[in-house]
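Below is one structure, written out as structure tokens; comments come after it.
The values are calculated or read from the model by the stated rules, or taken from the named source; none is laboratory data. Quick caveat: nothing in here was measured; it's all calculated off a predicted structure. For neighbour counting, all protein chains shown are included, and Cβ atoms are generated from backbone atoms with ideal geometry for every residue, glycine included.
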Amino acid sequence: MLPALLAALLAQAPSPPRAAVVLVSRQTGVSPERSAMLAMAISHTLADAGIKVAYNPEEALAKLSAEGHGDPQECRGRDVCLIRLGAALGAYVLVSVDIGEVLPDLALRLRVLATDDGLELDEESLVLPAKDTAQLASAVRPLAARLKEAWGTAPASDVPPALLSPKAAPPALPVPGSSSWERHAAFATSGGAAAAAAAAVAFALAGSSQRARLEVTYPVGAEQASPLSYSQASSLASDANRSFTLAAVCAGASALLAGGAVYLWHRSGVSR
């Protein structure tokens, strides 16, 4: 159904051209350099799928700055602001990327926004090992395939090869300890803590995005109005509150599990 919806929307609006652009809309716990590398890898994956890319992320930021449009992260995740930037770049769709890192995991949320009417056409949430971003391309391919299916045959992309050159993860260090139940429990508890932390980041990003959509307004005379109906705004506010609540619960669970893991690793290291 989604490819059919995308195809219908694309057929109705031949201008701007069928081209995409990738921009980082928010980042948490990630350096600007790392965010740029991840955005470049996502853009390159779209290009490999045969999707026309208007500008690679580095070129897009340079063009926006030169034309006085500002940085995408100044939008604070607001769709109306991001869509304006995508339109300024001549892209039909903007792929906004929220990135958050809580070691050992990297959480990303990709949203595909149409620049002509502001519709969210697709969305993908990912949780990857922070030290193995080589998995990013394969994780983004399903989203790229859905866009490709909706667009049909697209011109070859002008995007140059990605600048991302992920380093191999360092070999795992031996963990001192016995083969007792404490060591097995420590492995399980550590994994649970990491999973809970990644879930907390993902829920927090989702809540921030939902809250930003509530803040979108447009002028009506001397007043500011929301494009959302009362029921839509209430539903979105409820979703945002639920996301933030789940993020807090997951963060608390992660802290508890991490404490338990430290205790169990200590026991497994001394009980010989």
Take S96 and decide whether it is closer than 20 Å to A36 by Cβ and touching a helix residue (DSSP H, G or I) at 6+ places or on another chain (Cβ under 7 Å).
-> yes
Can you tell me which residue in the range 1-50 is modelled with the highest pLDDT, limited to those that are over 14 Å from L121 (Cβ atoms), surrounded by fewer than 16 Cβ atoms within 10 Å (Cβ to Cβ) and out of contact with any Lys or Arg (no Cβ under 9 Å at 6 or more places or on another chain)?
-> E33
If we keep only residues of the range 78-102 that are crowded, with 22+ Cβ neighbours inside 10 Å and free of Cβ contacts under 8 Å to residues at least 60 places away in the same chain, then the residue farthest from the chain's Cα centre (by Cα) is I83
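Here's the yes/no breakdown for (1) over 22 Å from V97 (Cα atoms); (2) within 29 Å of the chain's Cα centre (by Cα); (3) at pLDDT 60 or above:
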| residue | (1), (2), (3) |
| --- | --- |
| A200 | no, yes, yes |
| R211 | no, yes, yes |
| V216 | no, yes, yes |
| V220 | yes, no, no |
| S234 | yes, yes, yes |
| A237 | no, yes, yes |
| F244 | no, yes, yes |
| S254 | yes, yes, yes |
| V270 | yes, no, no |
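Tell me whether the range 127-141 contains one or more residues that are in a strand (DSSP E or B), surrounded by fewer than 22 Cβ atoms within 10 Å (Cβ to Cβ), of a type in the set (A, V, I, L, M) and in contact with a helix residue (DSSP H, G or I) (Cβ under 7 Å, 6 or more places away or on another chain).
Checked the range 127-141: at least one residue is in a strand (DSSP E or B), surrounded by fewer than 22 Cβ atoms within 10 Å (Cβ to Cβ), of a type in the set (A, V, I, L, M) and in contact with a helix residue (DSSP H, G or I) (Cβ under 7 Å, 6 or more places away or on another chain).
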Do you know which of the residues in the range 55-65 that are over 20 Å from the mean Cα position of the chain (by Cα) and either among the hydrophobic types (A, V, I, L, M, F, W, C) or crowded, with 19+ Cβ neighbours inside 10 Å (or both) is farthest from P32 (Cα to Cα)?
-> L64
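Table: residues versus (1) in the same structural domain as A200 (by TED's automatic domain parsing); (2) modelled with pLDDT of 70 or more; (3) surrounded by 17 or more Cβ atoms within 10 Å (Cβ to Cβ).
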residue: S229; (1), (2), (3): yes, yes, no
residue: A247; (1), (2), (3): yes, yes, yes
residue: A251; (1), (2), (3): yes, yes, yes
residue: G260; (1), (2), (3): yes, no, yes
Answer yes or no as to whether A88 is over 21 Å from E124 (Cα atoms) and aliphatic (A, V, I, L, M).
-> yes
